[in-house]
Every structure is written in C-alpha cells, then in structure tokens.
Amino acid sequence: MTPSETPQTQSQPQTPTHPDTHRRTTVDATVLAALADLIAEATRHDTSEVVPDALLERDLDLDSLALLEIVIRAEDRFGIVLPDEVPWLVTVGDVVTHIAEVLTEAASLPRAG
C-alpha cells in the first residue's frame, strides 16, 4: 500500500454523557469530601485516608457506635434520614453510594408548596 492509499482514520463519535451521570458523579464527590471531614472529626484519621475503598472497621477503626455517630452527623449535614439498619455498609464507597442515592431520590421528589 502506498502512502496515498493509506486509509483515513476516522474519529469515533463521542457518546454523550447523560446529565444524571454527571450530576451523580458530582454528588458522589461532594458526599465523599463531606464524609471524609466527618470521619476525620470523629477519629484520628486524616481526610486523605478516607477513600472509597477504605474499610470502615479495619482501615478506619470505626465500630458500630462511631459509625452511628457519623451517620447522624451526615444526616444533619445533608438534611436526610438514612435507614437505621444498613448492614452492607462495609467501605467508605458503600456509605457514599448510599447517601448519594438518598440525596438523588430526595432531589427528584416534587416539592410541596
């Protein structure tokens, strides 16, 4: 094949991102930052240690009482109510996802008034 016969590379069309995906990513980042502050205030850990993969009990030394305190503070900070029993919250990412889902659901509800 000669240089003049080289096929033109075509750029792939960009898949548009759904607006909810961007909003959810922003909500997750906001929740993670706030949760890092709350955990740092309640423990000896620095906010840089509060990452999505951090295990609540093993990595951050949060027992059930400390986690309850953080959940109450998160409810106050975000103006939401989280369920009392959420046994699957194992990592910081689990907590972020759960809070973000509650916030997203609350934002989609029609406002009274």
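Worth a mention:
- All other residues whose Cβ lies under 10 angstrom from that of residue 52 are scored, Lys and Arg at +1 and Asp and Glu at -1, for a net of -3.
- Residue list for segment 68-97, given a label point 7 angstrom along the Cα-to-Cβ vector of residue 55 and an amide N cut-off under 13 Å: 90-92
- Residue separation of residue 75 and residue 94 scaled by 0.36 nm, minus their Cα-Cα distance, works out to 5.3 nm of gained length.
Values quoted throughout were computed directly from the atomic coordinates according to the rules given, and no laboratory measurement underlies them. Predicted model, so just to flag it, every value in this text is computed and none were measured. Note that we place each Cβ from the backbone using ideal geometry, even for glycine, and neighbour counts take in every protein chain shown.
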